[in-house]
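*Asks:* Quick one: structure below, then a few questions.
The values are calculated or read from the model by the stated rules, or taken from the named source; none is laboratory data. For clarity, every value in this text was computed on a predicted model and none was experimentally measured. Neighbour counts run over all protein chains shown; Cβ positions are idealised from the backbone, glycine included. All accessible areas refer to the heavy atoms of the entire protein, side chains included, with ligands and DNA or RNA removed. Shrake-Rupley method; radii C 1.70, N 1.55, O 1.52, S 1.80 Å.
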Amino acid sequence: MLAHRTSLFKSSGTAAARAAAKAAADAGKEIIDLTAGEIWADLAPTIRDGAIKAIERGVNRYTDTVGLAELREAIAIKVASETGQSWSLEEIAVTAGAKQALFNTALVLFDPGDEVIIPAPYWTTFPAQVLVAGGMPIHIETRQNGYLPRIEDIRNAITSRTRAIVVNTPGNPTGVVYDEATLIGIAGLAIEHDLWVIFDECYGPFTYDGRAHHPIVSLVPEVRSRTVIINAFSKSLALTGWRIGYLAAPKEVISAVKALQSHSTSNPNVIAQYAVLHHLQIGDGSYEAELKSRLIASREAGLEILGDLKSVPFATAMGGFYFYLDLHEVLAAATNGGSPRTADDVVTALLSSAGVAAVSGSAFGDPFGMRLSYGADRDKLELGLRELVVTLNKGV
């Protein structure tokens, strides 16, 4: 039984890539790591001060299972501001990062055999957690439409066993930002077919070139009763290691999540909760603005360097902080009548010959893609991308 269970899953693409990079570094090779789904930044002063004050007060006890009431109220105010709708603390659950929010959602909503539609390429955790719940991930391809799912493709994937649609915008790994028409179409399908919408907006603050992030419940208020909003402070405040996320959903979903979470983490880390609460209470947005400004500069520098690639389509990088490269032409040239090659081979070659660590698209259900994070240190990012361009232009 254990062998069967473990065979269903593999380490996330980032974890596997970073393990390979660490192994190379341990062997004495200097590595430029562009795998991490996080922003290299100093801690926000408000987060640091909030944590220190909580420690000085001797905070060390359990909180409510789904988080401090004050924090849930502050998050409800945040969600209300972002969606233009009223939210209460009974509709908010604080979790140990967005991953636990997704995990909780899968376990309380899905029964064995339920189908969940997930556009590909996808963040590797989406299908893994559907499988944990006994469900069946149903993938639809998006490459031919700029990584944006077509409404007709989603409609064609719906069966009598379909339970939910996963929406991740801005998307990981592709950086695609869903437009209003697509979101309205998805909401319409959810209402028509009695489906849940799992709306992951963890990269919401990061959109570029005049694009905007649209909460689906703002565009179609009628879909709110069947939507679970997933978010975290990991990206927006560069707090990946602090593990504070949340979900916003109908009260009955939150009640079920509370019962489930009481048997897993009991409650999210109490010091991290107080730190985020302090930031939400007194933060003025300057830290977030500085973080985005840094990403804009890194994105522009990276796109300029990647523009010299000869056989790779231009990476639009609409949102988030990833460059996602389509390696079809590179791989076709490398195969040259021999054995088929995949992005795994390119990633391995980059690591061994250029010392640049990237994440293969195979982790995201795409054997022809590759993800690079521009949340990394700016100097290392530029150096790594230049090495990548030289390597890919020579052929791998």
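*Asks:* So how much slack lies between Asp344 and Ile296, counting 0.36 nm per residue of separation and subtracting their Cα-Cα distance, in nm?
*Replies:* So the chain would gain 14.4 nm between Asp344 and Ile296.
*Asks:* Just subtract the alpha-carbon distance of Glu329 and Glu141 from 0.36 nm times their residue separation and send over the number in nm, one decimal.
*Replies:* That pair, Glu329 and Glu141, stretches by 65.8 nm at full extension.
*Asks:* Something else: If you take the charge dipole of the chain about its Cα centre, with +1 on Lys and Arg Cβ and -1 on Asp and Glu Cβ, which of Gly245, Val359, Ile55 is farthest toward its positive end?
*Replies:* About the Cα centre, the residue reaching furthest to the positive side is Ile55.
*Asks:* Shifting gears a bit: Mind putting a number on the dipole of the chain about its Cα centre? Charges go on the C-beta only, +1 for Lys and Arg and -1 for Asp and Glu, and I need it in Debye to the nearest 20.
*Replies:* For this selection, approximately 760 debye.
*Asks:* List the trypsin sites (Lys or Arg not before Pro) within the range 118-224 that DSSP assigns to loop and that have no more than 16 neighbouring Cβ atoms inside 10 Å.
*Replies:* In loop regions of the range 118-224 (DSSP not H, G, I, E or B), the sparsely surrounded trypsin sites (Lys or Arg not before Pro) are Arg150, Arg161, Arg211.
*Asks:* With every protein chain left in place and a probe of 1.4 Å, what is the accessible surface of Lys53, to the nearest 10 Å²?
*Replies:* Approximately 100 Å² for this residue.
*Asks:* Counting each DSSP H run of 4 or more residues in the chain as -39500 (n - 2.57), what helix-only mean residue ellipticity at 222 nm follows after dividing by all residues, to the nearest 500 deg cm²/dmol?
*Replies:* -13000 deg cm²/dmol
*Asks:* Please give the contour-minus-distance gain from Lys394 to Glu304: 0.36 nm per residue of separation, less the Cα-Cα distance, rounded to one decimal in nm.
*Replies:* The Lys394-Glu304 span can extend by a further 30.5 nm.
*Asks:* With +1 assigned to the C-beta of every Lys and Arg and -1 to the C-beta of every Asp and Glu, and no other charges, what is the dipole magnitude of the range 308-396 about the Cα centre in debye, to the nearest 20?
*Replies:* Rounded to the nearest 20 debye, it is 80 debye.
*Asks:* Classify the range 114-239 from the C-alpha gyration tensor, please: rounded if a/c falls under 1.5, else prolate or oblate depending on whether a/b exceeds b/c.
*Replies:* Verdict is rounded for the range 114-239.
*Asks:* Within the chain, what percent of beta bridges assigned by DSSP are antiparallel, to the nearest 5?
*Replies:* 45
*Asks:* I'd like to know which of Val276, Ser298, Leu260 lies farthest towards the positive end of the charge dipole of the range 198-334, counting +1 on Cβ of Lys and Arg and -1 on Cβ of Asp and Glu.
*Replies:* Leu260
*Asks:* In the chain, if the dipole is taken from +1 on Lys/Arg beta carbons and -1 on Asp/Glu beta carbons about the Cα centre, which of Thr95, Phe323, Ala164 is farthest to the positive end?
*Replies:* Thr95
*Asks:* In debye, nearest 20: dipole of the range 115-266 around its Cα centre with unit charges on the Cβ of K, R (+) and D, E (-)?
*Replies:* 440
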